[in-house]
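Peer 1: Input: one structure, supplied below.
Just so it is clear, none of the values below were taken in a lab; they were calculated from the coordinates. Keep in mind it's a predicted model, so treat the numbers as computed, not measured. Here the Cβ is made from the backbone with ideal geometry for all residues, glycine too, and neighbour counts use every protein chain on show.
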Amino acid sequence: MSAPSKTAPSKTAPPRAHGDSAAEVEVSPPHLLGQGFRDYLRYDVRLHHEPGGAAETSQRDIVVGGRVVAVLCFDPTRDRVVLIHQFRLAAHLATGLGRMVEIVAGRVDPGEAPAAAAHRECLEEIGIAPTRLEE
């Protein structure tokens, strides 16, 4: 009968803290690729995955959306959440299912307070002003 083999304990990475954290990253000024309904920008990015470690270089493109609000509307009389249908071109092109079920949401106009935008979006999208808003 042979003795059980002994193996070295496995080395595991130290546990990472949960939640968002700052990254060791260098980001170029944006390069404007196009303008339309929203600006389309490209950035050159050098990201260090580990502090002081080697950097990975890549390009990242973003569409600048600006400030937005979203409202989860609740009808206490009916004890129901209120959802809407919105057409989304990207979903239509990807799946053919462009009529999406969503919560009320929209852009915050320049100079507009987020609460005012939430109130306006409710009126525009469901035709009812909220009696109360909570953050």
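Peer 1: Round to the nearest 0.05 the FRET efficiency obtained for residue 93 and residue 56 when R0 = 30 Å and r is the Cβ-Cβ distance.
Peer 2: 0.50
Peer 1: Here's something else I'd like to know. What distance in nm lies between label points placed 7 Å from Cα along the C-beta direction at residue 37 and residue 21?
Peer 2: 3.8 nm
Peer 1: Just how large is the dipole of the chain about the Cα centre, in debye to the nearest 20, putting +1 at every Lys and Arg Cβ and -1 at every Asp and Glu Cβ?
Peer 2: Computed charge dipole of the chain: roughly 480 debye.
Peer 1: Another question, if that's okay. Which one is right for this structure if Cα Rg over 2.2 N^0.38 Å is calculated from it: (1) 1.69; (2) 1.08; (3) 1.26?
Peer 2: Comparing each candidate, only (1) matches the computed number.
Peer 1: How high is the relative contact order of the chain, in percent, counting Cα pairs under 8 Å that sit 6 or more residues apart?
Peer 2: 14 percent
Peer 1: Now for a different question. Can you pull the Rg over Rh of the stretch 24-63, Cα-only, Kirkwood?
Peer 2: 1.12
Peer 1: OK, next. Could you run the Karplus curve 6.51 cos²θ - 1.76 cosθ + 1.60 with θ = phi - 60° over the stretch 26-41 and give me ³J(HN,Hα) per residue in whole Hz, x for Gly and Pro?
Peer 2: 10, 10, 6, x, x, 9, 6, 8, x, 10, x, 4, 9, 6, 10, 10
Peer 1: Taking other Cβ within 10 Å of each residue's Cβ, how do 93, 33 sort, fewest first?
Peer 2: 93, 33
Peer 1: Related question: Taking amide H positions as placed 1.01 Å from N in the peptide plane, with prolines and chain starts having none, which residues 5 or more places from residue 82, or on another chain, fall under 5 Å of its amide H?
Peer 2: Residues meeting the amide H criterion: 73, 74, 75.
Peer 1: From the backbone phi of the stretch 117-122, what are the Karplus-calculated ³J(HN,Hα) couplings (6.51 cos²θ - 1.76 cosθ + 1.60, θ = phi - 60°) in whole Hz, Gly and Pro given as x?
Peer 2: 5, 4, 4, 4, 4, 4
Peer 1: Using the Cα centre of the stretch 24-63 as the reference point, and only Cβ charges (+1 on K/R, -1 on D/E), how large is the resulting charge dipole? Debye, rounded to the nearest 20.
Peer 2: In total the dipole reaches around 220 debye.
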